[in-house]
Amino acid sequence: MSHGRFDNPVVATLTGILDIFRKQDLSDRLSDTDRIDGKTCLITGANSGLGFALAVDLARRGGNIIMACRRQIPEAGEKVKKLSGSENVSMRHLDLSDVESIHNFCNQLEKDSVKIDLLILNAGVANPKATLTSSGLDEIFLVNYMSNFMMLNLMLVNGTLPNLTCKNNRNTNDPIPRVVFISSDSHQGSSYIDYEEFGEFSHYGIKKGMNNYSYYKLVLNTLAVEISRRINTAKTDVSFNVICPGPVNTNIVRSAPWLVRVILRGIFSVFFQSPKKAAKAVVYMGISPDFEGKTGAYLHMFNNKKMDPKVYLEEEGKKLWEHSSRVWKRIDDNANVCGSQFKL
Ligand SMILES: NC(=O)c1ccc[n+]([C@@H]2O[C@H](COP(=O)([O-])OP(=O)(O)OC[C@H]3O[C@@H](n4cnc5c(N)ncnc54)[C@H](OP(=O)(O)O)[C@@H]3O)[C@@H](O)[C@H]2O)c1
């Protein structure tokens, strides 16, 4: 059975707090005057927490911001406009727990000829128990991992994420599009991916719920490395990098049991970074020339780091890709895995 690094939310929280006191080696590499005028940035889960702060920061820097959210449309976008002073902010509906919504979202981007320069895969849940979605998959599996696999494939095939490998619509003189996966350093030490239970729904309680959060971050990171391996065979075509923003004072524990929630919210509000502060390292990875053409990199806040060694194993990446393709085909008649278009 799979397991993540933490099954106790308080221990996980205290471990996160220690990160705040570590030296941030690269923090002076991002300046408030770094601009991205006219660049299209798409952020999932941008209506709250870290995603919202990212939208404000990138809008201030001149980006053309697309907030992909399942609610608070258009209120959250209006707030981002107000806080950033930019009108180049739009919202699109995307429910990552609904396969049809993912297709509609990607199809509409293609119809509207959107070309993404920076894609931030930020949305996530931390469910205390199994939650069945209409596709028959567990919500945390679908939202925190599988939806990202689907979206990336759909966007590469339809060229919303310009590339030479699947769609051949990237202008080689343009900067390489970037994908940033929002992960967590808690993935370190999670178990190998368990393919017996992969994409299968079963009931579980809070202990496995807690474990699942860090475990699915390991699965997500393995995808980041594998998709990069497949698409960037000779030169970087699209860059795929991973970041842990460190502990952030957000509403991520909203579905925890009330007592745990009250305790954690108290700790979060005193010790954790504000979303605005935590967003800086993500913005750095997303826009800095330091990451131009770089792929497979990992930042833990403003520090370069290695991910868990399992994430880099070719055999693990290959298995993950095959199993993800299989699960997608099982639940969705319109699955469109571009694995066959990659040079393997
Ligand atoms: N907070 C931390 O300490 C911390 C540390 C490391 C990594 N992270 C990561 O940072 C990312 C952002 O989390 P956060 O801390 O900012 O928490 P948050 O405020 O709860 O943000 C999560 C976002 O994901 C969205 N989301 C959830 N399910 C969705 C769905 N089915 N479809 C579309 N959007 C959905 C939420 O939308 P709704 O408002 O509609 O639910 C919300 O906008 C997550 O990937 C998290 O794992 C957080």
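Worth pointing out:
- Within the stretch 49-106, the set of residues being over 18 Å from the mean Cα position of the chain (by Cα) and on the phi > 0 side of the Ramachandran plot comprises Gly62, Gln72, Gly85.
- The stretch 125-144, residues that are under 18 Å from the mean Cα position of the chain (by Cα) and either within 11 Å of the ligand (Cβ to nearest atom) or of a type in the set (Gly, Ala, Ser) (or both): Val125, Ala126, Asn127, Glu139, Ile140, Leu142, Val143, Asn144
- Residue check for Arg254: at pLDDT below 90, within 13 Å of the ligand (Cβ to nearest atom), surrounded by fewer than 19 Cβ atoms within 10 Å (Cβ to Cβ) and under 18 Å from Phe52 (Cβ atoms): yes
- Total residues in the stretch 226-245, condition more than 26 Å from Arg22 (Cα to Cα) and either within 16 Å of the ligand (Cβ to nearest atom) or among the aliphatic types (A, V, I, L, M) (or both): 4
- Residue that is least open to solvent (accessible area, probe 1.4 Å), among those in the stretch 1-41 that are out of contact with any Phe, Trp or Tyr (no Cβ under 8 Å at 6 or more places or on another chain) and small (Gly, Ala, Ser): Ser31
- Filtered residues of the stretch 271-296 (kept if more than 18 Å from Arg22 (Cα to Cα), among the small types (Gly, Ala, Ser) and open to solvent by less than 20 Å² (accessible area, probe 1.4 Å)): Gly286, Ser288
- Filtered by the rule that a residue be at pLDDT 95 or above and open to solvent by less than 10 Å² (accessible area, probe 1.4 Å), the stretch 203-216 gives a lone residue, Tyr215.
- Scan the stretch 246-297 for residues that are of a type in the set (D, E, K, R) and touching an Asp or Glu at 6+ places or on another chain (Cβ under 9 Å) and the total you get is 2.
For every residue, the table says whether it meets (1) among the aliphatic types (A, V, I, L, M); (2) open to solvent by less than 10 Å² (accessible area, probe 1.4 Å); (3) at pLDDT 95 or above; (4) within 24 Å of Lys39 (Cα to Cα).
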| position | (1), (2), (3), (4) |
| --- | --- |
| Met146 | yes, yes, yes, no |
| Met150 | yes, yes, yes, yes |
| Met155 | yes, yes, yes, yes |
| Gly189 | no, no, no, no |
| Tyr195 | no, no, yes, no |
| Phe201 | no, no, yes, no |
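- Within the stretch 3-42, the residues that satisfy the criterion of being over 22 Å from Asn304 (Cα atoms) and at pLDDT 75 or above are His3, Val11, Thr33, Arg35, Ile36, Asp37, Gly38, Lys39, Thr40, Cys41, Leu42.
- Flag for Gly209 being in contact (Cβ under 8 Å) with a residue 24 or more places away in the chain and either touching a Leu at 6+ places or on another chain (Cβ under 9 Å) or among the acidic types (Asp, Glu) (or both): no
- Scanning the stretch 328-340 finds no residues that are surrounded by 15 or more Cβ atoms within 10 Å (Cβ to Cβ), closer than 18 Å to Leu121 by Cα, touching a helix residue (DSSP H, G or I) at 6+ places or on another chain (Cβ under 9 Å) and not basic (Lys, Arg).
- Neighbours by Cβ (under 9 Å, 6+ apart or cross-chain): first from the stretch 104-123, within 13 Å of Thr44 (Cα to Cα); second of a type in the set (D, E, K, R) and within 14 Å of the ligand (Cβ to nearest atom): Phe105/Arg92; Phe105/Asp95; Ala123/Arg70
The values are calculated or read from the model by the stated rules, or taken from the named source; none is laboratory data. All values derive from a computational prediction rather than experimental measurement. All Cβ positions, even for glycine, are placed from backbone atoms using ideal geometry, and neighbour counts span all protein chains on display. Ligands, DNA and RNA are stripped out before the accessible areas are found, and what is left, the full protein with its side chains, is counted by its heavy atoms. Shrake-Rupley method; radii C 1.70, N 1.55, O 1.52, S 1.80 Å.
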